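The structure under discussion appears below in the form of structure tokens.
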Amino acid sequence: MYLSKGLVKFLLVIFLLTQFWGLSLLFPKKLDSANLTNVSDSLSNNRLSFRGELSGAHAAGTAVINLNTSSSPGDSRNTSTGSAALMENETIQVGANNPTNIVRTIESASRVVLSAGITNAQSDDAMVVATSSAVHTVTFTPVSTIASGAFRVLIPSSTEANNDGYPDKDGFDFSTTAPTVSCLGGGSNISFTGVSGTASTSAVQVSTTWYHSFECRYNGTGASPAAVTMYIGTPSGGKLINPSPASTTRFPGQADSYTFRARHAYGIAQSYANVDETLGTIGVVEAVRVTATVSPTLTFQISGRAASSVNCGQSQPSTVTTTYNTVPFGTSVTTTAFADAGQQLVVSTNAAGGYSVTASESAQLTAWNVTATPTIPDATCQATPCTTTTPQTWTSTSYKGFGYTLEDVNGDAVEDTKEYANGYRPFGLTAVQVMRANPAGPVDSDIAYVCYRVVVSGTQQSGDYENYVIYIATATF
Amino acid sequence: MTKFQFTNKSQFSNPKHFKLFSVWFLVFGICLVFGAWFLVIPAKAQTLSLGLWPPILEVIIMPGKSITQAYTITNSGEETIINTKILPFEPSGEHGNISLGGPTSTEVGPLQNEPQFSFDNANLSLGKPFRLRSGEVAQVILKIRIPENCPEDDYYDTLLFNTPPGAKIGQSVSRQAGTIGANILLTVSKDGKPLKKGEILEFGLQRRLLCIGKGVSLTCLIDSLDPLEFLLRVKNTGRAFFKPFGEISVGGLLGQKGEIEILPENILSQASRQINGQCQTEEKIYPCPLTWQPKFLFGPYQARAEIKVADSGSAINGHTSLNFLALPFKLSLTVIVAILGLILIKNRLRIRT
């Protein structure tokens with residue numbers, strides 16, 4: 001292959017230039033300024049603060065407030081619209097001259113119920129504030145060796161009222177209590193011992209933006225610096241207040257981003273002049289209200305009891321097995337002994353107010369195929385008053401009729417005065433309560449036995465007597 | 001090679017073979033029995049077991065509008081027939097219980113200007129029975145239509161799912177019918193802002209030694225060691241049900257302070273309700289007595305019931321304050337008895353000596 005002279009010269013020049021460039025990579029020039037690496041700012045709570053306003057004037061004592069849902073608020077600082085970003089049970093302040101309150105219920109996109117009425121009346125467009133504060137954990141790795149220098153973090157602040165304790169739409173509020181600053185790490189040649197961090201509100205301006213300044217000065221040579229962590233604020237102390245939405249068009253889940261600056265500066269001899277700087281981004285997100293509703297349910301169960309089982313202290317005859325819808329006394333009904341049989345009722349509900357079970361009968365036990373005395377009367381017990389709501393002792397078979405009593409098996413569903421120790425009572429045509437949640441509220445498997453008792457007189461005509469008992473379970477309102 | 005010959009015992013060529021066969025047979029038999037035991041389908045006891053969601057529905061609706069609500073009924077028991085009906089109810093007592101019209105009540109909705117109920121299901125109609133198999137979950141779509149001329153008022157009804165009583169069995173029998181119901185609290189209002197107001201009927205102490213005076217001048221005497229439990233009854237004097245909210249604040253002359261938050265529970269129109277306190281765990285909010293439990297009560301106190309209507313925020317007035325004096329009667333009595341006992345013992349000892 002033949003190459004022209006010119007081409008060979010050109011390739012030679014290119015080769016030499018490449019070699020010089022390669023050599024320059026082997027011996028790079030040390031820069032005076034560089035970027036800090038691995039810079040981040042983690043917020044313990046990255047939710048935007050809420051700063052909305054009232055719609056209309058609100059009188060003192062009002063506990064239901066209406067929020068402005070307009071995208072053009074009366075006060076341009078109040079950029080949270082409606083109640084979408086509020087949470088139940090969070091602290092809220094209605095107007096600057098009122099104490100804090102609690103959000104009890106969020107009724108609609110604009111209506112919020114507070115736990116207490118507002119102390120002082122508020123005019124239309126008065127601010128409504130729910131602050132979100134966060135501890136900032138800023139991490140970075142220095143690259144320069146600076147003896148007895150300082151690390152400084154700048155967090156954007158608003159240009160006005162940036163330390164009044166109310167959220168601002170264009171920066172973090174310093175709060176009324178200065179956040180504590182502390183630093184860790186830095187390696188063996190950087191020591192933060194004995195040097196406390198400082199926090200200064202809106203102390204630094206870069207271009208047109210103002211920043212809160214947080215600084216940790218250190219002792220040591222600063223050689224071979226390692227990662228540094230700066231904490232701004234403490235969980236129980238002063239913290240920066242997150243901004244409110246930058247505009248009224250924010251929707252749940254949308255973030256506003258802010259640029260913070262991490263700096264590595266000289267020490268006091270050079271007036272803490274800045275050396276290295278890296279910019280980072282903080283994302284603050286509009287709240288997403290997640291609600292999980294456990295739907296209330298009610299379950300009601302009736303089941304039979306086995307032959308010879310003991311219910312309410314009485315043995316069920318060996319010939320009688322009850323089912324969920326029949327109590328077949330059969331031939332156990334006599335004139336000289338009680339026929340006792342039972343059923344089991346079970347109720348569960350997670351309804352807040354609990355439940356109630358009532359019972360009523362269709363009629364007295366009645367035989368349709370007899371003419372004389374076709375009914376077994378409802379129990380009259382052996383003491384008075386023996387009514388559908390008041391049980392009485394019934395131990396003598398001289399007192400005829402059909403009645404019932406109750407036994408608590410699980411929970412406290414039966415009123416103490418209605419338990420079998422206090423005797424029996426008749427069913428009535430009007431429903432009366434037999435079980436209820438005690439204490440009122442959700443229950444898991446309240447169980448009670450209903451124990452039926454019948455004894456007939458010697459003149460009771462033979463026949464098949466029957467009635468039906470209706471149990472109704474409802475949740476309390 | 002071992003070989004089984006399935007013939008008479010005497011025909012096993014080797015007694016060892018017979019022994020081995022016996023062991024195999026035994027193992028096989030045991031496996032068979034256990035297998036059968038595990039394969040047996042568990043018998044389900046005869047049970048009526050119905051579940052209902054939601055058990056309560058609260059609606060504010062304008063005349064001329066209609067809404068639908070899906071109810072889920074679950075049958076965890078035997079296959080059964082379900083019948084449906086809607087009955088009006090009234091509050092029974094002051095604890096949120098209901099009293100249905102009773103067996104003789106007619107179904108609601110016969111009047112043209114009252115709320116009308118129907119099912120929106122293609123295959124189900126209100127008042128007509130349907131079969132619900134064991135384990136089946138049925139969804140019933142209840143439609144509530146409010147006629148244009150329906151008066152602005154509250155309407156309280158219960159949607160009932162009945163099962164039929166057991167069959168006649170040719171002997172003396174009491175038959176049972178199980179019913180599960182869902183309450184419906186309906187407020188018909190043209191502007192969505194019905195008149196909601198209430199009045200405190202009674203504000204007192206559950207355990208007290210003595211009370212004198214009436215109304216705002218009511219003053220009670222209690223023992224310092226007794227628990228302080230308040231009784232608060234509120235009547236709904238408006239036209240629509242509401243939930244009260246607020247607290248009872250207690251203050252003592254010696255600077256003691258306490259607050260008891262009340263539980264927002266429905267008070268139906270023209271009915272009264274005994275108010276519960278609000279207790280809370282991580283899992284649930286539940287009613288509890290209106291109790292304040294300081295370490296030791298002493299001196300004069302004043303309690304104030306600061307209650308409001310949830311939606312309107314209007315204050316519920318009436319007997320809102322209560323004065324009481326706590327003194328250590330039981331403790332004093334114990335000390336006096338102890339001193340007298342000591343004096344008695346001392347005197348006895350002196351007489352002996």
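Details
- Of the residues making up the stretch A:223-251, those that are over 23 Å from A:Ser133 (Cβ atoms) and surrounded by fewer than 21 Cβ atoms within 10 Å (Cβ to Cβ) are A:Ala223, A:Ser224, A:Ala226, A:Ala227, A:Thr249.
- Comparison of A:Thr322, A:Thr335, A:Thr349 shows that the only residue that is surrounded by fewer than 19 Cβ atoms within 10 Å (Cβ to Cβ) and either at the interface with chain B (Cβ under 8 Å from one of its Cβ atoms) or closer than 25 Å to A:Gly428 by Cβ (or both) is A:Thr335.
- So A:Asp408, is it among the charged types (D, E, K, R), within 12 Å of chain B (Cβ to nearest Cβ) and not in a loop (DSSP other than H, G, I, E, B): no
- Scanning the stretch B:294-314 for residues that are under 15 Å from B:Ser249 (Cα atoms) and surrounded by fewer than 20 Cβ atoms within 10 Å (Cβ to Cβ) yields B:Pro294, B:Pro300, B:Gln302, B:Arg304, B:Glu306.
- Test result for B:Leu195, more than 9 Å from chain A (Cβ to nearest Cβ) and either farther than 28 Å from A:Gly354 by Cβ or touching a residue at least 40 places away in the same chain (Cβ under 8 Å) (or both): yes
Let's see how each residue does on (1) at pLDDT 90 or above; (2) acidic (Asp, Glu):
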| position | (1), (2) |
| --- | --- |
| A:Ser158 | yes, no |
| A:Asp164 | yes, yes |
| A:Phe174 | yes, no |
| A:Ser202 | no, no |
| A:Ser207 | no, no |
| A:Glu215 | yes, yes |
| A:Gly222 | yes, no |
| A:Thr249 | no, no |
| A:Tyr258 | yes, no |
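- Residues of the stretch A:42-57 that turn out to be surrounded by fewer than 24 Cβ atoms within 10 Å (Cβ to Cβ) and in a strand (DSSP E or B), as a count: 4
- Here A:Val327, A:Val284, A:Val357, A:Val347 are screened, and the one residue that is in contact with an Asp or Glu (Cβ under 6 Å, 6 or more places away or on another chain), modelled with pLDDT of 90 or more and assigned to a strand (DSSP E or B) is A:Val347.
- Of all residues making up the stretch A:113-137, the number that are assigned to a loop (DSSP other than H, G, I, E, B), among the polar types (S, T, N, Q) and in contact (Cβ under 8 Å) with a residue 60 or more places away in the chain: 4
- Evaluation of A:Gln343 against (1) away from chain B (no Cβ under 11 Å); (2) among the polar types (S, T, N, Q); (3) crowded, with 24+ Cβ neighbours inside 10 Å (one fails), failing number: (1)
- Among all positions in the stretch A:22-33, there is no residue which is surrounded by 10 or more Cβ atoms within 10 Å (Cβ to Cβ) and at pLDDT 75 or above.
- Within the stretch A:420-477, the set of residues being at positive phi and either more than 7 Å from every other protein chain (Cβ to nearest Cβ) or buried (at least 23 other Cβ atoms within 10 Å of the Cβ) (or both) comprises A:Gly423, A:Ser445, A:Gly463.
- The set of residues from the stretch B:71-86 being farther than 14 Å from B:Ser125 by Cα, polar (S, T, N, Q) and buried (at least 16 other Cβ atoms within 10 Å of the Cβ) comprises B:Thr74, B:Asn75, B:Ser76, B:Thr80.
- Within the stretch A:398-450, being touching a helix residue (DSSP H, G or I) at 6+ places or on another chain (Cβ under 7 Å) and within 13 Å of A:Ala359 (Cα to Cα) holds for A:Thr405, A:Leu406.
- The residues in the stretch A:157-175 that are surrounded by fewer than 15 Cβ atoms within 10 Å (Cβ to Cβ) and in contact (Cβ under 8 Å) with a residue 24 or more places away in the chain can be counted, and the count is 1.
Results for (1) within 12 Å of chain A (Cβ to nearest Cβ); (2) hydrophobic (A, V, I, L, M, F, W, C); (3) assigned to a loop (DSSP other than H, G, I, E, B), shown as yes or no for each residue.
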residue	(1), (2), (3)
B:Ala240	no, yes, yes
B:Gly246	yes, no, no
B:Gly255	no, no, yes
B:Pro287	yes, no, no
B:Lys295	no, no, yes
B:Tyr301	no, no, no
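- Close Cβ contacts (under 8 Å, 6 or more residues apart or on different chains) running from residues in the stretch B:130-148 that are on the phi > 0 side of the Ramachandran plot to residues that are surrounded by fewer than 16 Cβ atoms within 10 Å (Cβ to Cβ) and part of a strand (DSSP E or B) are absent.
- Restricting attention to the stretch B:166-199, the residues that are under 31 Å from the mean Cα position of the chain (by Cα) and part of a strand (DSSP E or B) total 17.
- Within the stretch A:371-391, considering residues that are of a type outside the set (Ser, Thr, Tyr) and touching a Ser or Thr at 6+ places or on another chain (Cβ under 7 Å), the one nearest to A:Val333 (Cα to Cα): A:Pro374
The values are calculated or read from the model by the stated rules, or taken from the named source; none is laboratory data. Note that the coordinates shown come from a computational prediction; the quantities given were computed from them, not determined experimentally. We place every Cβ from the backbone using ideal geometry, glycine too, and count neighbours over all the protein chains shown.
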